[in-house]
Structures are given as C-alpha cells and as structure tokens.
1. Determine the distance separating the Cα centre of region B:128-166 from the Cα centre of region B:27-103; give it in Å without decimals.
2. What does region B:25-166 give for Rg and for Dmax, in Å, if only its C-alpha atoms count?
3. Quick one: compute the contact order of chain B, relative version, from alpha carbon pairs under 8 angstrom and 6+ residues apart, as a percent.
4. To the nearest whole number, what is the average tally of beta carbon atoms from other chains within 10 Å of the beta carbons of peptide A:59-65?
5. If you scale each eigenvalue of the Cα gyration tensor by 5 and take the root, what three semi-axes come out for the protein assembly as shown, rounded to whole angstrom and sorted largest first?
6. Across the residues of B:57-63, average count of Cβ atoms on other protein chains within 10 Å?
7. I need the peptides A:116-123, A:95-102 ranked by packing, meaning the mean over residues of other C-beta atoms within 10 angstrom, with the highest value on top.
8. Considering Cα pairs under 8 angstrom that are at least six residues apart, work out the relative contact order of region B:61-132 and quote it in whole percent.
C-alpha cells in the first residue's frame, strides 16, 4: 500500500516536472516564440508557432532578402535577416476573441533603442495556438 | 456594435463608397511591414470595394489554405488595420462587366500568385485590382511597373499613384 502511494507521488512529480519544462500552449507563447524565431533563427519554432498560410507569406518575403541557396540550406539565416533589428520582445496585452482567436499586442525593442508596438493575431488549431497574420 | 455601425456610416459618408473604389491597408505586424517595404508607400495590401445590397464589401486575394480570393465585409477587411485609405475611380466603371468578371474569377477559384508574376494563371493583390479595373474601364490602374528581382510587378504604390483614382 505504502509502495503504491509512493509510486503515485513519484509519477505525479515526474509529470509535474515534465509539463513544467515545456512551454505553455497559449496565445502569448505562440506570439512571443514566433517573434523570437526571427531573433534566434529557430526554424522549428517558426514552423511550430505559425500557420502554413503565415509561413508561406513569410517565405515569399524571405526570398526577397535571402539567396535561393540559403532559403534551402540555411533557412535560419534567412529568418535572422528579417529579425535583424529586433533586440527584445515583450507582451503588452492579450485580447481573447472567443475560444479560438486572440490578438496579442507586443512591444518590440529595436537594436537602435526605438520601440514599436506590433499586433499578432493568433488562432487555436488542433496542434495548439499559432500566429496567423496577414499582410 | 453601435461603434461599428457608426464607423461604417461615417466612412460611407466621407468616402462616398462605390463599387470600383480601391482600398489600401496597412496592418501593425512584421509581415505587413515587410510587404510595405517593397516600393514603399505606407500600405501593404489592396482590394476593391463592391457594394452589395447597399453594404460595402471588399474583393481581395491573399494566400489562404482554404480560399485565396474572397469577398468579405469591409469591417472584416479592416479588422486589424493600423491605417487605410480609400480612393474612388475618376473614370466610368462598367458595373455590369465588373460583376461578371468578379463572378468568373470566383468560379475559377483563382489562387494567390506566390511567384508575383504577371501573365500566369494566378493573381496577387495589386494584379487583381488592376485586372478588374481594366475589364470594367478599359484602363490599367497601375501608374508604372516596378522592377522587382528582375521582373516587372504592380506595386501598391503604383496603384496609389494612379491617375484614374482620386
């Protein structure tokens, strides 16, 4: 009996620590991680936190700043070219619009010290919250 | 809701919205910033106003997994806009021809042109409004073709500077 209880507590601790290490699936996480992917060049994060439509439009824009070779072999470099001026991202507010949509307002601090406000529409998909921006 | 109705009445009054008016939009995000940097003019997207049952709609095209070419309510088009501008045509627009062409494009389920090329079977936003304007008036809306990555494209600025809009 005692062993059983200890096993349950141990299993619970493992689950707690596992979820604690992962990033929470939320509009805020999606918006911040997506924007940070342009600072770090993290292609997996860019893909994980944006819809395919958004990825396609960014790919179109990246092609204007990046060589075909880098687009194919080093897409992280292309992401960083787009986010070259960004120094820091902070969440200002999250406005939920129903269960499946939200608008995240971010404050971008640029490398030259200027700040600007950016709005990130995010949507809940079967794979979690993702940025869904239009031009 | 009252605010939205007031807003729509106000812009209908101010701009005397009509079918064939051109609407320019800028959103407050990185993607819109990037698009607006091609031949800069402060806007990143463009559509054409269609009045249906006295209500303003916008026909526009952008990459979308479900459907690229859409007619959506004006308030939805401007939902996340940080700025916009509406210009009216100063030459005669044949509304009947325009309606036929819009229906034909919708029926063909035209796709957004990710290659940004003229003379293919797909359209990008400025190319769409120029195409519709040309069909309905016989005049190209763009004021020049912009050299972009060794190809000629219609930019938002070249539409904004059109001599057929005021």
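1. 14 Å
2. Rg and Dmax of region B:25-166, Cα atoms, are 14.3, 44 Å.
3. Relative contact order here is 23 percent.
4. Values: counts 2, 10, 7, 1, 4, 7, 2.
Mean partner-chain Cβ count within 10 Å for A:59-65: 5.
5. Working through the eigenvalues yields semi-axes of 41, 23, 18 Å.
6. Mean inter-chain Cβ contacts per residue within 10 Å come to 2.
7. So the order, starting with the most tightly packed, is A:116-123, A:95-102.
8. Relative contact order of region B:61-132: 41 percent.
All of the numbers you see were taken from the coordinates with simple rules; none came from a lab. None of the values given here were measured: they were computed from a predicted structure. All Cβ positions, even for glycine, are placed from backbone atoms using ideal geometry, and neighbour counts span all protein chains on display.
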